[in-house]
Structure formats: C-alpha cells, structure tokens
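The block underneath contains the structure these notes are about, expressed in structure tokens.
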Ligand SMILES: Nc1nc2c(ncn2[C@@H]2O[C@H](COP(=O)(O)OP(=O)(O)OP(=O)(O)O)[C@@H](O)[C@H]2O)c(=O)[nH]1
Ligand SMILES: [Mg+2]
Ligand SMILES: [Zn+2]
C-alpha cells in the first residue's frame, strides 16, 4: 500500500518543520489530495492512525487529520472551455468532441497545514540556562 | 500554546529534490534515461534483454533493476550483456529518486549512453515518483486485457509511450489494439503506442527507432 510510504513523507516533512519551530506535539494535519493524484484519502487516514501510534511522543492522542479534496478539472486547448473530465476519457473535450483537453487541476498532493504545541516550559528552560 | 503552521508543501518534495539532482547528473553527462513501468510480468525484463542484446552494438547501455526482493532480473540483464545494478525495495511498491541517487555512484555516467530503469511491477505507485528520468515508458501486455488503460489512467497520463507487449498472443486472446489506441488517446493525447513482442521480436525495430530518436534529442 503506497499510502503508507506517502504518509511517511508527510510525517518526515512535518517533523523537520516542527523541529525548526520548536513544536513538539502535533494535534492536527491538513492535506490537499487531488482526485487524480493516485493517493486514496481513506487509505491515507488509515496510514495516519498507524503512524500516530508508532510516534506517540510526537502526536496528541486525539490528533486529527483533515483531507481536502481537489477536484479534477481539464481545459480544452481548442475552445478554452474547462470541463470535469471523465476518468476514462480525460482528454476528450465535451464541446469539441476531440482529444484536445489538458488537466489543469486535480493532481495536487500537498500538506496544507499542521497544528501543534511547543514546549510549555520553554521559557523556564531559557531562564535556567541564563542563570548558570 | 497551540500554533498553526501553513505549509502548502508538496508531499513528494524530498523525492523531487533528489530527482532534480539525478536529472542534473543525467543532463550534464548526456545520458539518456528511461524509466520503464508496468504490471508485474508484462515483460519489462524480457524487453530489456532484447534491447540490450541488439543495441549494445551501438550504445553503452546500463540498467537499474527495481525488485521487491531478488537479484534475478539483474542477472538476466548481465547475461544479455549490460551492466546492471539491483535495487531491492524490501517490499516497497515503487522506486524513488533517493534510491536511484544512492546507486548512481556505481556507474560512470560519462561512459554510459543509455540507462534504463526497470521500476517495480505495479501500475499505480511508480507513476507518482519522478526519478529524474528523461522519459517515462509504460509496458502493457496483451494478456492483461483492454481494461488496463481506463482503469489506471494516472499511469497512462504520465507516460509518453506505451509498449504493447506480447502481441504474438493476439490470435489467442481477446485484445483489441485499435481500442487500446483510442483509450490511450482519450487519456493522453501526446502518448504513442508501439505494439511489440519480445518473443517473436515483431515491432522491436519501432521501439529501437524510438530510442534512437530520444538519444539524438538528448545529445543536443
Ligand atoms: N508470449 C510472450 N511472452 C512474453 C513476452 N515477453 C515476455 N514474456 C514472458 O512473460 C513473462 C514475464 O516476463 P518478464 O520480462 O519477467 O516480466 P517483467 O515485467 O520484467 O516482470 P516483473 O519484473 O516481475 O514485474 C516471462 O515468462 C516472459 O517469458 C512476449 O512478447 N510474448
Ligand atoms: Mg522484471
Ligand atoms: Zn473544446
């Protein structure tokens, strides 16, 4: 299941970014998944639960994942009309009836945002260090 | 304190960075790199064996073999006469750009004209991973049936050539080549389809000519 590998990438990117912002515990992750990105939202959610268990120190127990779906959209290079592509006939413009369409949306797969909390004692730590 | 961070980062950003690194190497050494993808058993290794045994007279060919666990395909390529390096993905369903970057030091790319990458047999996962190749080619075989192109549109959207392999079996199986062409056109207007048989060798010349054209373009 390649959603495990994909979710692994998501976790790695968030861990790296969180470290740079001194965020130590994550409680929300928000993804954008295109309809034709080859990633399945349900499988991603399942993979998220697995990683959450494996990385309990990094995730709040009730950490959530939100997945925004990016709709598939194509545009005809002949008549410039945009249309919702049929899975099997992505490039067929419904107006011209020719294979003249190009995908303009629906292939994205992004981490939109995440939410987490920093070390609550961070200021104390700083003071203690300054004292010494 | 709770903090929300907006990222808008591509999930495959680390893969894409490694792919750019590979591409840079391939471009500076003018190595033609072709990423071959298909279902398990469509005939990638057999096609590469034939390709190596004929085109080795003309080009210095090397192959990276992606496989779940074994070294078998790399051995077959070596027997056919090309250098082959095996990447075992340990169950992983695709090759990624970092795996490729990790084995590139085993080749002297200045001394390689054409590098083939045989991806792990799978019509879904490999399509999403840029390896830094110049061309993505899908192999589809006659016994798999006509429904594969509409069933796995993303793979065929992202490849520029389909090698329809095992056409020696057309008389025995219910496969419609014209329909496959129409289905492909419906998904990707710029993709070509070349019917071949690695067994009877029919159509292989068209495939070799395609490589020749790609090689010329890559040398410019
Ligand atoms: N009839 C016929 N059989 C073929 C042809 N090409 C390959 N085969 C057979 O198909 C089987 C699988 O071929 P491989 O070349 O190993 O396929 P592959 O795509 O490399 O398979 P994986 O690496 O496992 O994904 C072998 O038994 C081949 O002999 C062909 O053109 N015609
Ligand atoms: Mg093989
Ligand atoms: Zn149109």
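Just so it is clear, none of the values below were taken in a lab; they were calculated from the coordinates. If you're wondering where the values come from, they're calculated on a predicted model, not measured in any experiment. As a convention, Cβ positions derive from the backbone with ideal geometry for all residues, glycine included, and neighbour counts pool all protein chains shown.
Annotations for the structure displayed:
- Highest average packing first - A:99-105, A:17-23, Cβ atoms within 10 Å: A:99-105, A:17-23
- Virtual spin-label span in nm between residue A:98 and residue A:79, 7 Å along Cα→Cβ: 1.1
- Average beta-carbon neighbours from other chains, 10 Å sphere, peptide B:143-151: 1
- The stretch B:1-84: projected area of the alpha-carbon convex hull, averaged over directions, in nm²: 9.0
- Per-residue mean of foreign Cβ neighbours for B:173-185 is 1 (Cβ atoms of other chains, 10 Å radius).
- Measuring nothing but alpha carbons in the stretch B:1-149 and taking Rh as the Kirkwood radius, the Rg to Rh ratio lands at 1.03.
- Size descriptors for the stretch B:120-188, from the alpha-carbon set: Rg then Dmax equal 12.2, 39 Å.
- Peptide B:5-17 has a mean of 6 when you count, residue by residue, the C-beta atoms of other protein chains within 10 Å of its C-beta.
- Cα-projected label distance for residue B:28 with residue B:147, points at 7 Å along beta-carbon direction, nm: 4.9
- Label-to-label distance, nm, for residues given as residue A:112 and residue B:219 (7 Å Cα→Cβ offset): 5.1
- For the protein assembly as shown: Kirkwood Rh in Å [reciprocal of mean 1/r, alpha carbons]: 22.2
- The stretch A:34-106 - Kirkwood radius from inverse mean 1/r over Cα pairs (Å): 14.5
- Taking each residue as 0.36 nm, the span from residue A:46 to residue A:61 lengthens on full extension beyond its C-alpha to C-alpha distance by 3.9 nm.
- Restricting the calculation to Cα atoms, chain A yields a radius of gyration followed by a Dmax of 20.9, 77 Å.
- The ratio of the alpha-carbon radius of gyration of the stretch B:72-220 to the globular-protein estimate 2.2 N^0.38 Å is 1.09.
- Neighbour-count order for A:96, A:76, fewest beta carbons within 10 angstrom listed first: A:96, A:76
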